[in-house]
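Reviewing the structure listed below.
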Amino acid sequence: MSHDWARVRADFPLLQREVHGKPLVYFDSANTGQKPAAVIDATDAFYRSHNANVSRAVHALGNEATEAYEGARGKLARHLNVRADELVLTSGTTFAINLVAYSWALPRLQPGDAILLTRMEHHANIVPWQLVAQRTGATIKVAEISTDGVLDLDALDAAMTPGVKLLGVTHVSNVLGTINPVGEICRRARKRGITTVVDGSQALPHMAVDIPAIGCDFYALTGHKMCGPTGTGALWGRREHLAAMPPFLGGGEMISEVRFDGTTFNDPPHRFEAGTPNIAGHVGLGAAVDYLDAIGMDAIAAREQELLAHLTEEMRRIDGLRIIGNAPDKAAVVSFLLQGAHGHDLATLLDLEGVAVRSGHHCAHPLMQFYGVPATCRASLAFYNTHAEIDAFTAALRKVRKLLL
Ligand code: PMP
C-alpha cells in the first residue's frame, strides 16, 4: 500500500511549529518520538470522560478506566504477537530491565556466574546488571563489535561460556542504528541454557516485532519512542519466568490478600504493577499502537529506509564529516562527528537553524570508549520526517561547518 506521507506528517501537531524563526526539523526521535493527534486526543479524552482508578472501584467510571487500561495492554500484546497476561506495563524500558534484574536475576545469580552484555548497550541495559553483579558476586562479560558497529557473532558465541546465565542485548542500537540479529542470538543462547533479555526500545518505533519469532525470554520496551506518551512501556516475559518471579515493588494492586502475618500476591502481570499505574499514558500508548498499525510497520520501515539512504548519501558528501557505524542492517539513526567541531557547538548552531539533533554520549559510555570519542552528534529519523528536511539539515550542516572551521 502506498501512503501519503505528507498527510501522515500532518497528524503530528508539533511538527508544524517553528524554532528560532525557522521551520522545525526534528531529527531527535531516538531520544523521544513526536505524538500524533490521535494519541494526544486519546489521553485527553480519558481524563475528560473516563478518569478513575483501575481494578478497584465497581462504579461505571472505574470499569471504563479498567477496560481502557486493559484494552491498551491487549493492543500492545497483539502488536507484539504475545499474550496480554505476559505483558507487564511499566514506566519504560529502564523499569522493565530493572524488574528482570531484581526479580529474576538477583535471587538466582551467585559467585561464578556471569552476565553477558554487548559493547553497544544503553546504560539501562548495563547499570542494573552491574548492581546485580555487585550484590551476587556474578561478573559482567562484554561481547565486542567491529568498527562498523556490527556484533561479532563468533565472538559472542565464544563468550557464551558455561558460567553465563544471562545475556542482555539491544535489538537496535540507539547510537549506531545497528539492527542486531536477535533471533539468531537468542537461538544460540537458548541452546546453552542462557536466559535472554532483549532491549527493544529502539526497535519498536521502526519495525514490526514478533516476540515469539525472536525466541527471547524477556523483551523490554518503552512507549515514548513509538509515538506513545512518556512514562509508558512494558516488559514481556515468558509465563514460566513471570510466574516464578517474586514482586519487585510492594503495595496496592499487586496483592491477592494482605494480612499482618503474611501477604499473598496477585498473578502476573498485576503482581508487578504495584500502586496506581500510568493509566492515561497507557491508554495513549494503546492509541499509538492503533495509529502505527493503521499505517503498517512494514510501510514505516520501508519509508524510513528510503529516508536513511538519502540522509546517508547527503551526509557522505560533506567534507570532514565522519559517520560512526556502518552496519548493513541499520535503522534510521546516524551518529556523526565533524572534524574540528565540538558536538555540543555543532548541535547548538544547528538548533539556531531549526534543526534538533542530540549531541552527547547517548547513555552509551562504553560505546564512546570503543570509538575513542567523548561524544557524537546523532540525527535520528522517523517516518514523519521528509526528504526536504534532510536537505534542510545538510544545508544547515554545511553552513555551520563554515562557521566553526
Ligand atoms: N535502551 C535504549 C536502547 C534506549 O535508547 C533507551 C532510551 N534512550 C533506553 C533503553 C531507556 O529507555 P527509557 O528511558 O524510556 O526507560
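No value in this document is a laboratory result; all are computed from the given coordinates. Bear in mind the structure is a predicted one, so any value in this text is a computation, not a measurement. Backbone-built Cβ (ideal geometry, glycine too); neighbour counts: all protein chains shown.
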Original post:
If we count other beta carbons within 10 Å of each Cβ, what is the order of 227, 363, fewest first?
Top reply: 363, 227
Original post:
So what is the relative contact order of the chain, in percent, for Cα pairs below 8 Å that sit 6 or more residues apart?
Top reply: 23 percent
**OP:** Using label points projected 7 Å from each Cα along Cα→Cβ, tell me how many nm separate residue 290 and residue 402, to one decimal.
**Re:** 4.9 nm
**OP:** Work out the FRET efficiency for residue 302 and residue 257 from their Cβ-Cβ distance, taking R0 = 60 Å, and round it to the nearest 0.05.
**Re:** 0.70
Original post:
Quick one: Karplus J couplings for region 222-231, per residue in order, coefficients 6.51, -1.76, 1.60, θ = phi - 60°, nearest Hz, x for Gly and Pro?
Top reply: 10, x, 6, 8, 10, 6, x, x, 5, x
Subject >> region 263-277 - phi-based ³J(HN,Hα) in whole Hz, Karplus 6.51/-1.76/1.60, Gly and Pro as x >> reply: 10, 9, 9, 5, 6, x, x, 5, 4, 9, 10, 6, x, 6, x
**OP:** Round to the nearest 0.05 the FRET efficiency obtained for residue 4 and residue 230 when R0 = 41 Å and r is the Cβ-Cβ distance.
**Re:** 0.90
Original post:
Sorted from fewest to most neighbouring beta carbons within 10 Å, what does the list 362, 122 look like?
Top reply: 122, 362
Subject >> Pairwise Cα inverse-distance average, inverted: Kirkwood Rh of region 61-129 (Å) >> reply: 14.5 Å
**OP:** May I ask you to compute the full-extension gain from residue 81 to residue 243, defined as 0.36 nm times their residue separation minus their alpha-carbon distance, rounded to one decimal in nm?
**Re:** 56.4 nm
Original post:
Taking a 30 Å limit on the Cα-Cα distance, which of the listed pairs 35/141; 35/165; 141/191; 75/330; 75/141; 35/402 fall beyond it?
Top reply: 35/141; 35/165; 75/141; 35/402
**OP:** Mind listing the long-range amide H neighbours of residue 255? Cut-off is under 5 Å, sequence gap 5 or more, other chains count too, H placed in the peptide plane at 1.01 Å from N.
**Re:** 266
Subject >> Antiparallel bridges, percent of DSSP beta bridges restricted to the chain (to nearest 5) >> reply: 60 percent
Subject >> Separation between Cα centres of region 40-55 and region 233-286, rounded to whole Å >> reply: 21 Å
Original post:
When every alpha-carbon pair in region 249-405 is counted, what percent end up more than 25 Å apart?
Top reply: 51 percent
Original post:
How much FRET efficiency would the formula 1/(1 + (r/R0)^6) give for residue 158 and residue 59, where r is the Cβ-Cβ distance and R0 is 56 Å, rounded to 0.05?
Top reply: 0.40
**OP:** For region 256-360, state which chymotrypsin sites (Phe, Trp or Tyr not before Pro) are in a DSSP loop and have at most 12 other beta carbons lying within 10 Å of their beta carbon.
**Re:** 260
Original post:
Stretched out fully, how many nm does the piece from residue 41 to residue 369 gain, at 0.36 nm a residue minus the Cα gap?
Top reply: 113.8 nm
Original post:
Tell me, what are the semi-axes, in whole angstrom and largest first, of the equivalent ellipsoid of region 40-293 as set by the roots of 5 times the Cα gyration tensor eigenvalues?
Top reply: 32, 22, 13
Subject >> Inter-centroid distance (Cα atoms) of region 1-37 relative to region 159-200, Å >> reply: 33 Å
Subject >> the chain: most fluctuating residue of 239, 188, 316 per GNM, C-alpha cutoff 10 Å >> reply: 316
**OP:** Lys and Arg at +1, Asp and Glu at -1: add these up for the other residues within a Cβ distance under 12 Å of residue 392 and post the number.
**Re:** -1
**OP:** Order by neighbour count: 169, 258, fewest other Cβ atoms within 10 Å first, most last.
**Re:** 258, 169
**OP:** Mind checking which of 173, 195, 155 is farthest towards the positive end of region 111-234's charge dipole, using Cβ charges of +1 (Lys, Arg) and -1 (Asp, Glu) about the Cα centre?
**Re:** 195
